[in-house]
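Asks: This is the structure, below, for whatever I ask next.
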Amino acid sequence: MNRLLLALLWALFHSLDYYLTLWAAWWYQKGVKERLNFSGGYELTPEFSGNILRLQWFSPQMLLSLGAGFLILWGLPLLLAGSPSPLPFSGRVFAAGEGRFADPPFGQFDFVLPDPPLPGSG
């Protein structure tokens with residue numbers, strides 16, 4: 001997937017999460033709290049809980065997290081291009097018995113979980 005598209009989609013969903021939570025908190029403060037009680041506040045993320053409680057449409061924390069997340073998703077692969085992977089298992093398989101990681105002898109691989117045992121067969 002294109003890095004820019006991935007970063008833009010993440011920014012869209014991150015923003016939607018914040019603003020839909022803000023909208024729901026507005027409804028909560030307008031009367032839903034008479035029927036439902038959220039102990040500790042409506043927002044679960046501590047960095048945003050004060051902003052949501054104050055119904056703050058512009059949040060510096062939200063803008064900072066949005067920018068940082070976008071830059072990480074879009075820019076980090078550019079910084080890592082051509083360098084060895086920071087994860088020893090990315091795109092490589094552990095060569096059993098040799099104690100090292102090796103390139104797989106095949107292209108792409110997926111982890112396949114075995115079928116669960118049938119009841120009464122175990």
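Asks: Quick one: in the range 28-45, of everything that is free of Cβ contacts under 8 Å to residues at least 12 places away in the same chain and outside any loop (DSSP other than H, G, I, E, B), which residue is surrounded by the fewest Cβ atoms within 10 Å (Cβ to Cβ)?
Replies: GLU34
Asks: Follow-up question, since we're still on this one. Quick one: would you say PHE48 is part of a helix (DSSP H, G or I), aromatic (Phe, Trp, Tyr), at pLDDT below 85 and farther than 26 Å from PRO77 by Cα?
Replies: Numbers: part of a helix (DSSP H, G or I): yes; aromatic (Phe, Trp, Tyr): yes; at pLDDT below 85: yes; farther than 26 Å from PRO77 by Cα: yes.
For PHE48, the condition - part of a helix (DSSP H, G or I), aromatic (Phe, Trp, Tyr), at pLDDT below 85 and farther than 26 Å from PRO77 by Cα - is met.
Asks: Evaluate the following for LEU22: is it at pLDDT 85 or above and surrounded by 13 or more Cβ atoms within 10 Å (Cβ to Cβ)?
Replies: Working: at pLDDT 85 or above: yes; surrounded by 13 or more Cβ atoms within 10 Å (Cβ to Cβ): yes.
So LEU22 passes the test.
Asks: Restricting attention to the range 48-77, and to residues there that are surrounded by fewer than 16 Cβ atoms within 10 Å (Cβ to Cβ) and aliphatic (A, V, I, L, M), which single residue is nearest to TRP26 (Cα to Cα)?
Replies: Top of the filtered list is LEU55.
The values are calculated or read from the model by the stated rules, or taken from the named source; none is laboratory data. Keep in mind the model is a prediction, meaning the values are calculated, not measured. In this analysis, Cβ positions are derived from the backbone assuming ideal geometry, glycine residues included, and neighbour counts consider all displayed protein chains.
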